[in-house]
Amino acid sequence: MPSSSMAATNGESSYWFSRHSRSILVLSIPLAILGIYVAFTIPVSVFPDTNFPRILIAVDNGVMPIDQMMVTVTRPLEEAVNSVPGLQQVRSITSRGSAEIDLFFDWNVDMFQTLQYVNAALSSAQRELPASAKVEAHRMTFASFPILGYSLTSDTVPQTQLWEIATYELKPRLNRLDGVARVLVQGGQEPEFHIVPDPAKLLQASVTVTDLLEAVRRTNLVDSPGLLEQNHQLFLGLVDAQVHDPQQLGQIVVKTTPAGLPVRVVRLSDGFQGRNERDPGGHWLVRGAVYRFARIDLCSSHR
């Protein structure tokens, strides 16, 4: 007699799923619950979290010429990082006042530890670099690129005021959100004033450019006189002497004549605000870029 006929005769199903339906049901229910939980909690991102074996070194040194940058900045840094374990290739791009050095490593190295090695090598080479050089090392991941971008535009508000709004009002609020690593304000015009000294007036008043710079630096500051006690409480006092417009800049006293008369900046030069740039549509424009932490839900950060 065939086996199927015997199973049917004994009252048992000939299908494997029918015979193990209870075991399959017991196994499927926890897996379904686990899948629903993971679907709502797993981080969502456009790209997967990948530790690329690449570290970018960025150098900023003002407006130093290219040839001098290569000799005094780029080459010493390249020689310093050659001792980092796992390094396979070094590429560098040098331009006027800036340099970018790309370090490519083996895929099997620990990039967190390698970044510490690179920072240690940069610290040892810092003493050979110019004092004005600023060096930063960044590990390249998908989180190194912004996930959101905002544009702040206006037809009437000056660009300097838009920059202040983006930097001092919007940026701190975005930085406090969960998952936001940093906020970068791009473009815009930082409030600044240019002083154009008049050589004839400087010579007449016996004032040098160094005296002019020192007077502005000494006057334009925010300092604290210490703690003030009131009602059994301590308050931190601040003295604000910052310059906010060209008129205030012109009233800075550079020196005092033997007759006791003050020599002010307005008598030696003209103070004027830096130029403003607009977007192609003719609006004042400031842009902001939002960067996230690694392994953070992109959708929750966007919301």
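Please go through segment 243-270 and pick out each residue that is assigned to a helix (DSSP H, G or I) and in contact (Cβ under 8 Å) with a residue 40 or more places away in the chain.
Restricting attention to segment 243-270, the residues satisfying the condition of being assigned to a helix (DSSP H, G or I) are 246-250, 265-268.
Selection gives Pro246, Leu249, Val265, Arg267, Leu268.
Of the conditions (1) modelled with pLDDT of 85 or more; (2) closer than 16 Å to Val135 by Cα, Met64 clears all except one; give me its number.
The single condition Met64 does not satisfy is (1).
Considering only residues that are surrounded by 10 or more Cβ atoms within 10 Å (Cβ to Cβ) and in contact with a Pro (Cβ under 9 Å, 6 or more places away or on another chain), which ones fall in segment 221-238?
Scanning segment 221-238 gives a single hit, Gly237.
Given (1) at pLDDT 55 or above; (2) surrounded by fewer than 16 Cβ atoms within 10 Å (Cβ to Cβ), identify the lone condition not met by Phe293.
The single condition Phe293 does not satisfy is (1).
Within segment 178-229, count every residue that is over 24 Å from the mean Cα position of the chain (by Cα) and of a type in the set (D, E, K, R). Spell out the reasoning first.
Applying the first criterion (over 24 Å from the mean Cα position of the chain (by Cα)) to segment 178-229 yields 193-229.
Those left that are additionally of a type in the set (D, E, K, R): 198, 201, 211, 214, 217-218, 223, 229.
Residues that pass the stated criteria total 8.
Is it true that Leu177 is in contact with a Gly (Cβ under 8 Å, 6 or more places away or on another chain) and either outside any helix (DSSP H, G or I) or among the basic types (Lys, Arg) (or both)? Give the steps one after another, and end with the answer.
On the way: in contact with a Gly (Cβ under 8 Å, 6 or more places away or on another chain): no; either outside any helix (DSSP H, G or I) or among the basic types (Lys, Arg) (or both): yes.
When the stated conditions are applied, Leu177 does not pass them.
For residues that are of a type in the set (D, E, K, R) and touching a residue at least 12 places away in the same chain (Cβ under 8 Å), scanning just segment 143-184, find the one that is farthest from Ile55 (Cα to Cα). Step through it out loud before you land on a result.
The initial filter retains those residues of segment 143-184 that are of a type in the set (D, E, K, R), namely 155, 164, 169, 171, 173, 176, 178, 182.
When the remaining residues are screened for being touching a residue at least 12 places away in the same chain (Cβ under 8 Å), the result is 155, 164, 171, 178, 182.
Working: Asp155: 41, Glu164: 32, Lys171: 27, Asp178: 26, Arg182: 19 Å.
Per the stated criteria, the residue is Asp155.
Would you pick out the residues in segment 92-142 that are closer than 12 Å to Pro53 by Cβ and of a type in the set (D, E, K, R)?
Hits for segment 92-142 are Asp102, Asp106, Asp110, Arg139.
Can you name the residue in segment 164-175 that is modelled with pLDDT of 80 or more and not β-branched (Val, Ile, Thr) and is also least open to solvent (accessible area, probe 1.4 Å) among such residues?
Applying the filter and picking the extreme gives Ala166.
Just name the residue that is farthest from Pro258 (Cα to Cα) out of those in segment 182-212 that are open to solvent by less than 70 Å² (accessible area, probe 1.4 Å) and part of a strand (DSSP E or B).
Filtering segment 182-212 for residues that are open to solvent by less than 70 Å² (accessible area, probe 1.4 Å) and part of a strand (DSSP E or B), the one farthest from Pro258 (Cα to Cα) comes out as Val183.
If I ask for residues that are loosely packed, with under 10 Cβ neighbours inside 10 Å and either at pLDDT 85 or above or touching a strand residue (DSSP E or B) at 6+ places or on another chain (Cβ under 6 Å) (or both), which ones from segment 12-31 would you list?
Selection gives Pro30, Leu31.
Collect the residues in segment 74-122 that are over 30 Å from Val63 (Cβ atoms) and of a type in the set (S, T, N, Q), keeping them in residue-number order.
Ser83, Gln88, Asn108, Gln113, Thr114, Gln116
Take the residues in segment 144-163 that are closer than 30 Å to Val254 by Cβ and not in a loop (DSSP other than H, G, I, E, B); name whichever of them is most open to solvent (accessible area, probe 1.4 Å).
In the first step, residues of segment 144-163 are kept if they are closer than 30 Å to Val254 by Cβ; the result is 158-161, 163.
When the remaining residues are screened for being not in a loop (DSSP other than H, G, I, E, B), the result is 159-161, 163.
On the way: Gln159: 6, Thr160: 17, Gln161: 89, Trp163: 37 Å².
My answer is Gln161.
The values are calculated or read from the model by the stated rules, or taken from the named source; none is laboratory data. The model shown is predicted, which means the values in this text are computed figures rather than measured ones. A quick note on method: Cβ atoms are made from the backbone with ideal geometry, for glycine too, and the neighbour counts reach across all protein chains shown. SASA here: full protein model, heavy atoms, side chains in, ligands and nucleic acids out. Shrake-Rupley method; radii C 1.70, N 1.55, O 1.52, S 1.80 Å.
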